[in-house]
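Everything on this sheet refers to the single structure shown next.
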Amino acid sequence: MMYETIADLLAAAAAQQQPISELIIEQEIKLSHSSREIIWATMGKNLEVMHEAAIKGASGAGVTSATGISGGEAVLLKKYREKGQSLSGDTMLLAMQNAVATNEVNAAMGIICATPTAGSAGTLPGVLSVVTERLHLQRDDQIRFLFCASAFGMIVANQAMIAGATGGCQAEVGSASAMGAAAAVEVAGGTPEQAAQAFAMAMSNLLGLVCDPVAGLVEVPCIKRNVVGAVNALTAADMALAGLTSQIPADEVILAMKRIGQNLPASLRETGLGGLAATPTGIALKMKIFGQDVSIHPDDENNDSARES
Amino acid sequence: MTNRYRSVFDIIGPIMIGPSSSHTAGAVAIGHVANRLFHAPIKTVRVRYFESFAQTHRGHGTDYAVIAGVLGFDPADRRVPNAVDLARRQGIEITFIEDQHPSPIGHPNTAAITLENAEKYLTVWGCSVGGGAIEIRKIDFNGLIFEPQGSLPLIYVEAEQEIGQALDQIFGANYRLPRVTLMRGRHHIYQLDLLDKPFPEQLEQARRISQDLISL
């Protein structure tokens, strides 16, 4: 009834000679009792929200969060890009700018599309902006990119997790990056097998990434982690298109991510108690934002009993 | 494998006001469930947070998100960040509690939302499982307790007469778990735990049997 593994997706793609985006659209029609037109239009609306957020974050002086600890940096990237002297080249700078812009809008309580989460909302727009420019994608191709990404994301969400509180940042930005890598391969004309390879390599390269938001806010380091998510996706897609392979199959990488997530202490799963959040500056920022009545105990990091029953 | 995510729009989406899909959009969704199940004027709201929700609700806007849901807003509503003030201006009394105990429903992103007026109370224990998706694992309808397994869709129907078999005929093929029936006096309350979203025609048909139907 549902594609439960990436192996299932690849087998169906081979048997039906259909791209993964098409397989998932057909699954959605069956499960949601909606028409193809409605489903396509809904994804189109998500695409528009993604475009709008990326533009908003990099326009004028940009946006600033209520706490003042993030904002305005997408604009710095845009201005730097315009000088044309970046080290990583305009393509990467475009991905970086759109990733930061989207997550700055999110931190500023603007409207975004969660892909798969709000904290990782900048990763896919970063990837999509680059493949759109490099491959001259039309709107329909961009919508297909999102469907293909969602097919891989749904398998991660059901087989493992996509929440920082249960799996760390590897489950959020790691998943988004892997979804983006696979979708980039499909719109670039790669095979479903290559898409799965790109997915596996992108997720492998972000395994172990912790969720340690300063003051519990989706700002530091979340915004810039979307840069690594977007850039990592593009490099994984290129590796797969060049013929590199992961050795470890995508489905096994997902289960490795799940086990790592389960083994992370609670302090590194979106509690704002460990990692960067527990540094002297992280704690000082939390005090400054929320005043004196804060309870942060860096010792908790070594003191993690199994909190989930 | 749980298959709790069954739509592409659980993954690409929701469109929402930031900053967190689990702690903001998911919190709106749990609040929304409480709003729909209570469906009566609200006098007080008590929100009890556990684990990650208890540690980070302030930073993630979880407070305004839960209250936005309780007021019936959707996650992309521009009024979401002002929901607490809006509710208090309507005379609703609101309390947030950071509970230091482990989540009673076994998930780090747990909120228990209690709505109350002079006639009745309702408590919903929900958890936000990521990307804006939620599970409802316990509901206390004024003393009647249901413990669904978590995943939506769920349907609650109240009726004076016995309508269990009629509901089975409409929804039975789509049951994920057997129907649960609890009784308050002569009132029957039914819980239907479904595999897939019901068809609109099915809901219409069921509402002809009892208007008092809430589809989550």
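Summary table
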{"quantity": "Mean residue ellipticity (222 nm) of chain A, computed from DSSP H runs ≥ 4 via -39,500 (n - 2.57), nearest 500", "calculated": "-20000 deg cm²/dmol"}
{"quantity": "Å² per residue, accessible surface of the range B:50-169 at 1.4 Å", "calculated": "38"}
{"quantity": "With DNA, RNA and ligands ignored, accessible area of A:E4 (1.4 Å probe; Å², nearest 10)", "calculated": "70"}
{"quantity": "Relative contact order (percent, whole number), chain B, Cα cutoff 8 Å, 6+ residue spacing", "calculated": "20"}
{"quantity": "Order by protection proxy (mean Cβ within 10 Å, highest first), peptides A:148-155, B:132-139, A:19-26, A:112-119", "calculated": "A:112-119, A:148-155, B:132-139, A:19-26"}
{"quantity": "Shielding by other protein chains, B:157-170, mean Cβ within 10 Å", "calculated": "0"}
{"quantity": "Residue-by-residue Karplus 3J(HN,Hα) for the range B:39-56, coefficients 6.51, -1.76, 1.60, Hz, glycine and proline x", "calculated": "5, 7, x, 9, 9, 9, 10, 10, 10, 10, 9, 10, 6, 4, 4, 5, 6, 10"}
{"quantity": "Relative contact order (percent, whole number), chain A, Cα cutoff 8 Å, 6+ residue spacing", "calculated": "18"}
{"quantity": "Hydrodynamic radius by Kirkwood, which averages 1/r over all alpha carbon pairs of the range B:1-126, in angstrom", "calculated": "14.6"}
{"quantity": "Number of partner chain Cβ atoms within 10 Å, mean per residue of A:101-112", "calculated": "4"}
{"quantity": "For B:S22, solvent-accessible area (1.4 Å; no DNA, RNA or ligand), Å²", "calculated": "0"}
{"quantity": "Carbon plus sulfur fraction of accessible area for the protein assembly as shown, probe 1.4 Å, in percent", "calculated": "52"}
{"quantity": "Listed residue pairs exceeding 28 Å between alpha carbons, taken from A:K45/A:K224; A:K224/A:K286; A:K30/A:K56; A:K78/A:K258; A:K224/B:K197; A:K286/B:K138", "calculated": "A:K30/A:K56; A:K78/A:K258; A:K224/B:K197; A:K286/B:K138"}
{"quantity": "3J(HN,Hα) from dihedral phi, the range A:121-127, Karplus parametrisation 6.51/-1.76/1.60, rounded to Hz, x for glycine, proline", "calculated": "5, x, 5, 4, x, x, 5"}
{"quantity": "Packing rank of A:251-261, B:89-99, A:122-132, A:197-207, where each peptide gets the mean count of other beta carbons within 10 Å, highest leading", "calculated": "A:122-132, A:197-207, A:251-261, B:89-99"}
{"quantity": "Distant alpha-carbon pairs in chain B (separation over 23 angstrom), percent", "calculated": "45"}
{"quantity": "Hydrodynamic radius of chain A per Kirkwood, over alpha carbon pairs, in Å", "calculated": "19.6"}
{"quantity": "Shielding by other protein chains, B:49-58, mean Cβ within 10 Å", "calculated": "6"}
{"quantity": "Buried area at the B-A interface (accessible, heavy atoms, 1.4 Å probe, summed, Å²)", "calculated": "4300"}
{"quantity": "Residue-averaged [θ]222 nm for chain B, counting only DSSP H segments that reach four residues, each worth -39500 (n - 2.57)", "calculated": "-8000 deg cm²/dmol"}
{"quantity": "For chain A: accessible area per residue (Å², 1.4 Å)", "calculated": "38"}
{"quantity": "Candidates B:A40, B:A27, B:A68: whichever shows maximal mean-square fluctuation once chain B is modelled as a Gaussian network with Cα springs under 10 Å", "calculated": "B:A40"}
{"quantity": "List of the range A:254-284 residues, accessible area with partners at least 10 Å² below that of the chain alone (1.4 Å probe)", "calculated": "A:E270, A:T271, A:L273"}
{"quantity": "³J(HN,Hα), Karplus 6.51/-1.76/1.60, whole Hz, each residue of the range B:14-27, x for Gly, Pro", "calculated": "x, 6, 7, 7, x, x, 9, 5, 7, 8, 10, 4, x, 5"}
{"quantity": "Size descriptor, Kirkwood hydrodynamic radius, that averages inverse alpha-carbon separations across the protein assembly as shown, Å", "calculated": "23.3"}
{"quantity": "Eligible lysines near B:K43 by straight Cα distance, threshold 18 Å, same-chain separation 8 or greater", "calculated": "B:K120"}
{"quantity": "Helix axis angle, A:250-263 relative to chain A longest principal axis, alpha carbon, degrees", "calculated": "20"}
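The values are calculated or read from the model by the stated rules, or taken from the named source; none is laboratory data. Values in this document were obtained by computation on a predicted structure and should not be read as measured data. A quick note on method: Cβ atoms are made from the backbone with ideal geometry, for glycine too, and the neighbour counts reach across all protein chains shown. The area values use the complete protein model at the heavy-atom level, side chains included, leaving out ligands, DNA and RNA. Shrake-Rupley method; radii C 1.70, N 1.55, O 1.52, S 1.80 Å.
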